[in-house]
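The values are calculated or read from the model by the stated rules, or taken from the named source; none is laboratory data. Just so it is clear, the model here is predicted, and its values are computed rather than measured. Because the Cβ atoms are built from the backbone with ideal geometry, glycine has one as well, and the counts that use them run over all protein chains shown.
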Amino acid sequence: MASGEYELALTSFSRAALDQGMTTELLTSMGTANLGLRRLGQAEELLRRAIEDESAWPIAWNNLGVVLMEKAEYPEAEQMFRRAFALDNGESDAILDNLRLALAKMENPVNTTPEKQEYTLEQQGDGQFMLRKLP
């Protein structure tokens, strides 16, 4: 996934699921790969299953928040980022930045239409995604 080969990553995760079962880590990874492919519906479903299975993993909460931001569902995204930030004990700058962006989008709804957004996904080294403003 670090090289942007999300389809290849999905194939690998599917194979791993056959051996290990559908673990929370695999659900999160598959959801994250779908997010990278902009398959937001599939990503959301997998990430919601991941947080149901293991509600204390901040990466799943953060990445679900990113999916919701991409879908312009800012209030729910903000809740996901808050949960991720709390579970991470405030240690992740990426989660904090995503939370700040969600709050800003909620405060200024004028610029919240998807076609006007000037943000891109940036994958962090630990499997989290961060929303970055385009130059």
## Note on the structure
Subset of the stretch 29-50, residues crowded, with 23+ Cβ neighbours inside 10 Å and in contact with a Lys or Arg (Cβ under 9 Å, 6 or more places away or on another chain), comes to Gly31, Ala33
## Note on the structure
Contact list, first residue from the stretch 78-104 and within 18 Å of Arg48 (Cα to Cα) and at pLDDT below 90, second anywhere and surrounded by fewer than 22 Cβ atoms within 10 Å (Cβ to Cβ) and not basic (Lys, Arg), beta-carbon distance below 9 Å, six or more apart or interchain, is none
### Cross-chain or 6+ apart pairs with Cβ under 8 Å, the stretch 37-48 first and at positive phi, then in a helix (DSSP H, G or I) and at pLDDT below 95
Arg38/Glu70
